[in-house]
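This report refers to the structure that appears directly beneath it.
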């Protein structure tokens with residue numbers, strides 16, 4: 001049954017107001033079968049908010065902040081920038097420990113400086129304001145924000161802004177270890193997914209120096225899905241994420257060439 005053109009236009013206008021006319025409702029496959037299969041949409045849903053949490057009191061993270069979570073966030077942002085052929089807005093607190101972004105370093109995770117704009121805000125309130133404005137701005141691939149004081153109300157505002165503007169949001173924060181007591185962690189916000197990323201020892205290599213970054217990635221919360229966990233390697237030469245095979249954690253594997261599933 002066909003509908004009058006005026007009714008179709010009204011429905012299209014409602015979809016625009018709800019944020020579904022552009023990226024909201026669409027999905028970006030991450031290219032790694034294990035990750036995509038763990039998400040009920042078959043990839044990362046676009047036009048909504050995602051939360052990434054690191055471990056602030058991990059000895060490996062103490063000097064530089066949540067580096068593992070930042071690296072994983074940069075990989076997601078790079079995928080979004082390449083998909084949309086558009087820049088990423090990254091919001092940080094001016095002069096804080098978070099204000100140490102090094103664009104050439106982010107380029108190693110696939111996010112080139114030409115597609116990165118850094119906004120330095122006075123405090124968390126300003127960071128969240130910058131994020132909200134960016135999420136409502138057409139022409140951006142994603143908005144990343146590093147803020148610590150984020151409650152359910154602020155998270156809901158970011159989610160609504162992402163849905164309205166069709167821009168994907170990545171909220172990055174550091175947290176204390178789970179089980180360390182009340183107030184030690186970052187509150188869960190009204191995000192579509194919540195990821196916890198912690199560092200693991202790098203894979204052994206045959207040359208002097210460190211191997212590729214290795215992370216424990218836990219999908220702690222996912223609308224319509226179930227929690228899941230993976231150990232991942234990042235190869236900055238190929239731009240691949242790979243799942244660490246079980247055999248690579250057993251004694252003697254350092255002498256064997258590891259099998260990898262690439263993205």
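The values are calculated or read from the model by the stated rules, or taken from the named source; none is laboratory data. Here the structure is a predicted model, which is why all the values come from computation and not from measurement. All Cβ positions, even for glycine, are placed from backbone atoms using ideal geometry, and neighbour counts span all protein chains on display.
Where residues in segment 172-190 are closer than 23 Å to residue 43 by Cα and in a loop (DSSP other than H, G, I, E, B), which of them is modelled with the lowest pLDDT? Once the filter is applied, the top-ranked residue is 188. When residue 61 is tested against the conditions (1) modelled with pLDDT of 90 or more; (2) more than 15 Å from the chain's Cα centre (by Cα), the lone failure is (1).
Can you find, within segment 19-42, the residue that is modelled with the lowest pLDDT among those that are touching a helix residue (DSSP H, G or I) at 6+ places or on another chain (Cβ under 7 Å) and surrounded by fewer than 17 Cβ atoms within 10 Å (Cβ to Cβ)? The extreme case among them is 21. Residue pairs whose Cβ atoms lie under 7 Å apart, separated by 6 or more positions or on different chains, with the first residue in segment 147-166 and under 24 Å from residue 95 (Cα atoms) and the second at pLDDT 90 or above and assigned to a loop (DSSP other than H, G, I, E, B), are 155/191.
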